[in-house]
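Chemist: What follows is a structure written as structure tokens; I'll ask about it next.
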Amino acid sequence: MGHGSDGTASQSSTYPLGKTASDSLYFNQVAEGASGDTRYWTGVALVNDSDERADATLEVFRPDGAIDRTVHLSLEPNASRAALLSQLLEDRSYTRVGGYLRLTVSRPVAAIVLYGDEESRFLAAVPGVPR
């Protein structure tokens, strides 16, 4: 695993997804939007290495455990997808700082969530917890 930043706007992260496929994953944090003087973003990366389509449901939960938003996604065979949470929800103004994500899929996929801030001060790649 590696992380990097040039200190201005470019960031990169790598994380091995080879043997982490599951059909149910939890991500213990959501950070999308402003909190104080910092604007956070959450990115979701999915990999379907099977020969069949994977249909997924991504749920965003508030800290109290209530569902805030839900989005349905399809991942074609042997395909990957990476996007910001606000892009997946089709709501560029979406804000949720606190809570968690749950991903349920029709077949096992590999997934990670990336967290960062708009000032490029940090970047973290976090694997899901299979359930």
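The values are calculated or read from the model by the stated rules, or taken from the named source; none is laboratory data. A quick note: this is a predicted structure, and the numbers were derived from the prediction, not measured. No Cβ is skipped: glycine too gets one built from the backbone with ideal geometry, and neighbour counts run over all protein chains shown.
Chemist: For the subset of the stretch 42-58 comprising residues that are among the polar types (S, T, N, Q) and surrounded by fewer than 17 Cβ atoms within 10 Å (Cβ to Cβ), which member is modelled with the highest pLDDT? Can you show your working first?
Modeler: Let us first name the residues in the stretch 42-58 that are among the polar types (S, T, N, Q), namely 42, 48, 50, 57.
Next, from what is left, pick out any that are surrounded by fewer than 17 Cβ atoms within 10 Å (Cβ to Cβ): 50, 57.
On the way: Ser50: 94, Thr57: 98.
In this case the residue turns out to be Thr57.
Chemist: Can you pull out every residue in the stretch 25-40 that is surrounded by 17 or more Cβ atoms within 10 Å (Cβ to Cβ) and either under 18 Å from Glu119 (Cα atoms) or under 9 Å from the mean Cα position of the chain (by Cα) (or both)? I'd like the intermediate steps shown before the answer.
Modeler: In the first step, residues of the stretch 25-40 are kept if they are surrounded by 17 or more Cβ atoms within 10 Å (Cβ to Cβ); the result is 25, 27, 30-33, 40.
Selection gives Phe27, Val30, Ala31, Glu32, Gly33, Tyr40.
Chemist: Quick one: in the stretch 74-96, which of the residues that are in a strand (DSSP E or B) and more than 14 Å from the chain's Cα centre (by Cα) is farthest from Ala54 (Cα to Cα)? Don't jump to the end; show me each part of the working.
Modeler: Going through the stretch 74-96, the residues in a strand (DSSP E or B) turn out to be 74-75, 79-84, 96.
Of the ones still in play, those that are also more than 14 Å from the chain's Cα centre (by Cα) are 74-75, 79.
Details: Ser74: 6, Leu75: 5, Ala79: 10 Å.
Out of the qualifying residues, it is Ala79.
Chemist: Another question, then. Could you tell me whether Arg69 is more than 15 Å from Ile112 (Cα to Cα), of a type outside the set (Asp, Glu) and assigned to a strand (DSSP E or B)? Spell out how you get there, then give the answer.
Modeler: On the way: more than 15 Å from Ile112 (Cα to Cα): yes; of a type outside the set (Asp, Glu): yes; assigned to a strand (DSSP E or B): yes.
Yes, satisfied.
Chemist: Go through (1) farther than 13 Å from Gln29 by Cα; (2) without any contact (Cβ under 8 Å) to a residue 40 or more places away in the chain; (3) of a type outside the set (A, V, I, L, M) one by one and return the number of the condition Arg121 breaks.
Modeler: (2)
Chemist: Going through the stretch 47-101 one residue at a time, which ones are touching a residue at least 60 places away in the same chain (Cβ under 8 Å), within 14 Å of Val30 (Cα to Cα) and not aliphatic (A, V, I, L, M)?
Modeler: Once the filter is applied, which keeps residues that are touching a residue at least 60 places away in the same chain (Cβ under 8 Å), within 14 Å of Val30 (Cα to Cα) and not aliphatic (A, V, I, L, M), the stretch 47-101 yields Tyr94, Thr95, Arg96, Gly98, Gly99, Tyr100.
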